[in-house]
Amino acid sequence: MKLYSLTAAAKINLYLEIIGNRPDDFHELVMIMQSVSLADRLTLRALRAPTVQLRCDHPQVPTDESNLVCKAVALLSKEFPEQVNQQGGVEITIEKHIPVGAGLAGGSANAAAALVGLNLLWGLGLTQIELLLLGAKLGSDVPFCILGGTAIATGRGETLDPIQNENLLYAVLAKYESLSVSTPWVYQTYRQQFGDTYVPVTDATTLAERQQRVHSGPMVSAIAAQNSAAMGQHLCNDLEKVVLPAHPQVAQLKETMASSGGLGTLMSGSGPTVFTLTETQAAAEALLEQVRSRIPNPDLKLWVTQFTHTGIRLDG
């Protein structure tokens with residue numbers, strides 16, 4: 001029976017700016033996203049019986065229809081019924097390394113790997129562009145998780161423009177294992193508190209009108225120039241305005257990490273993971289040990305990871 005194994009990279013947000021409300025009730029965003037080497041592994045195995053079996057070694061990950069991986073299977077079955085019906089079923093196993101509920105797009109990365117793997121397993125012959133369009137139907141982060149590397153994400157996060165980035169920095173990631181933050185709550189709270197600053201975005205809003213509000217230029221320039229220090233200086237995440245006041249533990253974690261060295265410190269996505277950038281692995285490992293000694297809490301988990309050019313990688 002056919003079998004494919006894929007690596008699904010986590011992502012961090014180097015930049016996240018909220019522009020306004022979209023006609024579809026999502027937020028209009030400008031983000032700069034970066035794949036990192038911390039990754040889950042998915043194994044897809046063809047089954048003769050027309051069933052879908054999902055397994056995961058992490059107890060907090062659901063293995064029913066609520067999992068984005070199962071939704072990816074259902075989406076392909078709906079879009080390509082004739083091809084899929086000829087293939088039988090599939091068993092998908094997730095080996096979890098990306099922390100759950102961390103703002104690192106672990107679920108989206110798994111869905112992205114499922115789309116790429118099923119395309120191979122079932123011989124659908126889909127191009128990357130077609131996979132990106134399908135991924136957008138599953139979630140805003142899924143297209144980036146397929147593309148990987150460094151990219152500007154606009155719209156609700158599904159419109160991507162890759163950025164050439166040869167500066168493979170390191171990042172120390174930190175997250176309290178027992179703490180999670182609801183992404184819907186974060187965006188709803190931000191809208192309640194800062195909605196009066198929004199730019200109204202409609203289908204007729206021009207690119208120039210949107211760009212009047214966007215401030216991501218310095219970060220893009222820093223990446224293009226491979227200026228590590230400037231990248232650290234221009235880290236930005238609007239969502240910190242609601243998450244840090246509501247979660248003092250995360251605010252304290254960010255303060256501790258920022259005062260421990262590195263190029264710059266930021267919360268990733270909707271949190272609660274906080275990361276600090278460094279230029280070398282040795283600097284990252286030293287910073288990790290310093291943070292661990294300053295916050296000797298067994299609930300605090302830390303990782304050293306590195307920027308990577310790929311989102312989904314076929315193993316073997």
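The values are calculated or read from the model by the stated rules, or taken from the named source; none is laboratory data. Since we're looking at a predicted model, the values are computed, not measured. Don't worry about glycine lacking a Cβ; one is built from the backbone with ideal geometry, like all the others, and counts go over all protein chains shown.
Quick notes
- The set of residues from the stretch 269-285 being of a type outside the set (F, W, Y) and within 15 Å of K301 (Cα to Cα) comprises G271, P272, T273, V274, T276, A284, E285.
- Residues that are crowded, with 21+ Cβ neighbours inside 10 Å and under 22 Å from L29 (Cα atoms), drawn from the stretch 235-252: L235, N237, L239, V242, V243, L244
- The residues of the stretch 262-306 that are polar (S, T, N, Q), part of a strand (DSSP E or B) and closer than 30 Å to P184 by Cβ, listed by number, are T265, T276, T305.
- Counted as qualifying within the stretch 48-156 are the strands (runs of 3 or more DSSP E) with 2 or more residues that are among the aliphatic types (A, V, I, L, M) and under 30 Å from A225 (Cα atoms), namely 150-155.
- Scanning the stretch 10-20 for residues that are of a type in the set (A, V, I, L, M, F, W, C) and either closer than 9 Å to S268 by Cα or over 8 Å from the mean Cα position of the chain (by Cα) (or both) turns up I12, L14, L16, I18, I19.
- When A114, A49 are checked against the criterion of being touching a residue at least 60 places away in the same chain (Cβ under 8 Å) and either out of contact with any strand residue (DSSP E or B) (no Cβ under 7 Å at 6 or more places or on another chain) or not polar (S, T, N, Q) (or both), A114 stands alone in meeting it.
- Here S178 clears all of (1) out of contact with any Asp or Glu (no Cβ under 7 Å at 6 or more places or on another chain); (2) in the same structural domain as E255 (by TED's automatic domain parsing); (3) closer than 28 Å to S260 by Cβ except the condition numbered (1).
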